[in-house]
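Worksheet: the structure to be examined is printed underneath.
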Amino acid sequence: MTTMVPPPPGKLTKGEPPTRDETRGNVLKPESGKYVALNFKVPAEFKRDFKIAAATYGITQSDLLQQAFTDWLQRHGLTPNESIKAAG
């Protein structure tokens, strides 16, 4: 006859919240020049064409996006900081 061992009891709480010192500084802006993720959806055809364009010119997709955004700002007579003010 096999004896079944009961599973360990589950954790009933998440525990104590972190102290103020443990959370201080966890919402700071990233360092200037540090790379962070930019996540949004585009049509599959656009993604394919974008990747091909970057590969054709031997640049990264990130560099292509940055160059396209810089060109767009220049065509509109804006700098990156002004583009934020114009939208608001």
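Just so you know, all these numbers are worked out from the coordinates, no wet-lab data involved. Given the structure is predicted, the values throughout are model-derived calculations rather than measurements.
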At 222 nm, what value in deg cm²/dmol follows for the chain if DSSP H runs of at least 4 each add -39500 (n - 2.57) and the sum is divided by all its residues, to the nearest 500? -13500 deg cm²/dmol
Among Arg48, Arg24, Arg75, which one shows the highest mean-square fluctuation when the chain is modelled as a Gaussian network with alpha-carbon springs under 10 Å? Arg24
Could you name the lysines in cross-link range of Lys29, using Cα to Cα under 27 Å and dropping any fewer than eight places away on the same chain? Lys41, Lys85
